[in-house]
Amino acid sequence: MLKVGIVGCGLIFPMHAASVNFLPNAQLVGVCDIKKDRADKAAAEYGARAYYDYKDMIRKDILDVVHICVPHYLHPVISRYALEQGVHVLCEKPMALTMEDALTNVRLAEENGLKYAIVFQCRYNDSAKLVKETLEKGTLGKVISARVVLTWSKPDEYYTTSDWKGTWDKEGGGVVINQAIHSLDLANWFIDDEIVEVQAHLANRAHPIVEIEDTAEGFVRYQNGATLGFWVTNNYGDNDAIEVRLHCEKGKVVMNYNHADIFLNDGTVLSADTENHTGSIHRDGMAYWGYQHTHQIADFYDCVENDREPFNSGRDILKIQKLVCDIYTEGKKNFYRHNQ
Ligand SMILES: NC(=O)c1ccc[n+]([C@@H]2O[C@H](COP(=O)([O-])OP(=O)(O)OC[C@H]3O[C@@H](n4cnc5c(N)ncnc54)[C@H](O)[C@@H]3O)[C@@H](O)[C@H]2O)c1
């Protein structure tokens with residue numbers, strides 16, 4: 001049995017805690033939050049011990065694995081502490097706010113022989129797996145161009161009820177680093193080539209109460225000639241399924257989150273759907289997050305037990321980390337703020 005602890009008992013916490021309790025090879029031994037009432041409630045609900053300082057819980061004699069579910073700016077700090085203590089780390093996205101912090105932790109994990117992975121649960125959807133496998137087999141040929149559209153909704157209360165969301169220093173940005181990071185990662189993972197150019201515009205169009213961007217648009221060029229265009233916003237009235245499309249040498253991909261259709265030029269159609277969410281637990285989860293946390297967590301534990309590298313390892317996730325950092329570097333040069 002792997003002894004597991006979770007730091008951060010907020011919104012995403014139940015997806016992790018319920019998954020740990022559901023999996024046969026793990027036991028939730030500790031939960032930690034600086035807000036005592038949250039830690040106590042979580043501990044009582046999931047049968048774990050409550051901690052209020054992560055340093056008291058992240059110790060090799062207490063934990064094998066720690067899940068990190070705290071505000072973004074703390075991800076590299078707590079990940080690093082755990083890796084120094086000899087504890088395997090599964091951290092919520094994003095890995096860090098800077099490339100420097102991300103690289104430090106990737107190297108630390110490798111030097112210490114520890115597993116370090118970042119939660120990008122969308123990669124575990126049957127739709128995403130089908131597209132990735134079909135590309136890897138060569139059936140679709142090379143990706144020529146990709147497009148990502150994300151239209152979600154973040155009402156003011158999303159920010160007013162949080163002490164870190166909506167801030168550059170603690171969240172690191174808005175719709176790009178927090179919401180669209182999943183869809184941008186999927187497109188980037190599918191193209192799987194070196195980025196040579198990133199253009200981006202960022203804007204805050206309809207959220208005067210926060211400083212970060214609620215909308216982003218951009219264009220990415222890869223070494224092999226592939227391109228990625230994106231338009232992502234939190235100003236839509238609904239949280240629509242994320243949409244990724246690929247135009248490839250031998251066909252097209254139309255992916256609406258859990259569902260993917262691959263239309264090959266020879267007339268064949270391949271489809272995948274993840275409607276029944278078999279083997280996953282999604283306590284308090286939102287449909288637009290997807291329901292694959294349990295699958296990624298199970299895979300991570302298998303990697304720990306069998307000394308296998310997770311495909312969402314920190315080293316692999318450096319690719320989307322770099323893209324996100326580059327989008328902010330470019331986008332901040334001409335940040336547009338609507339005069340509200
Ligand atoms: N993968 C997904 O689809 C998905 C979905 C939602 C959120 N997330 C990620 O999960 C993380 C948490 O988001 P959330 O919405 O649950 O945030 P939240 O604000 O609801 O919860 C964060 C919790 O961390 C606690 N915390 C802050 N500092 C701490 C510290 N030093 N030690 C211990 N606890 C501390 C806070 O008190 C709070 O309870 C973020 O990285 C977010 O991007 C991922």
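The values are calculated or read from the model by the stated rules, or taken from the named source; none is laboratory data. What you see is a predicted model; the values in this text were computed from it and never measured. Reconstructed Cβ throughout: ideal geometry from the backbone, glycine too, with neighbour counts over all protein chains shown. Keep in mind that these areas ignore ligands, DNA and RNA; they rest on the heavy atoms of the full protein, side chains included. Shrake-Rupley method; radii C 1.70, N 1.55, O 1.52, S 1.80 Å.
Overview of results
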| item | result |
| --- | --- |
| SER162 versus PHE335: modelled label distance in nm, points set 7 Å from Cα along the beta carbon direction | 1.6 nm |
| Using a Förster distance of 35 Å, the FRET efficiency for VAL269-GLU194 (Cβ separation, nearest 0.05) | 0.65 |
| Computed label-point distance, nm, for sites VAL254 and ASP37 using a 7 Å Cα→Cβ extension | 4.8 nm |
| Value of [θ]222 nm, deg cm²/dmol, for the chain, DSSP H segments ≥ 4, -39500 (n - 2.57) each, nearest 500 | -9500 deg cm²/dmol |
| Within the accessible area of region 57-129 (1.4 Å probe), percent carbon and sulfur | 45 percent |
| Within-13-Å neighbourhood charge of ASP101 [Cβ basis; K, R +1; D, E -1] | +2 |
| Long-range amide H partners of ASN204 with built H, under 5 Å | ASP214, TYR336, ARG337, HIS338 |
| Longest DSSP-loop-exposure-free segment, trypsin sites (Lys or Arg not before Pro), the chain, at most 13 other Cβ within 10 Å | 61-307 |
| Protein-only accessible surface order, largest first, of PHE219, PHE22 at 1.4 Å | PHE22, PHE219 |
| Residues of region 144-253: accessible area per residue with a 1.4 Å probe, Å² | 39 Å² |
| Portion, in percent, of the accessible area of region 134-231 that falls on carbon or sulfur, probe 1.4 Å | 49 percent |
| Net +/- balance of residues flanking ASN235 in space, Cβ distance below 13 Å, scoring K and R +1, D and E -1 | -4 |
| Residue-by-residue Karplus 3J(HN,Hα) for region 89-98, coefficients 6.51, -1.76, 1.60, Hz, glycine and proline x | 10, 10, 10, 4, 5, x, 4, 6, 9, 10 |
| Karplus (6.51, -1.76, 1.60) ³J(HN,Hα), θ = phi - 60°, over region 223-232, in Hz, Gly and Pro reported as x | 4, 7, x, 5, 10, 9, x, 9, 9, 9 |
| ³J(HN,Hα) computed for each position of region 265-273 - Karplus, 6.51 cos²θ - 1.76 cosθ + 1.60, integer Hz, glycine/proline x | 4, 7, x, 5, 10, 10, 9, 9, 9 |
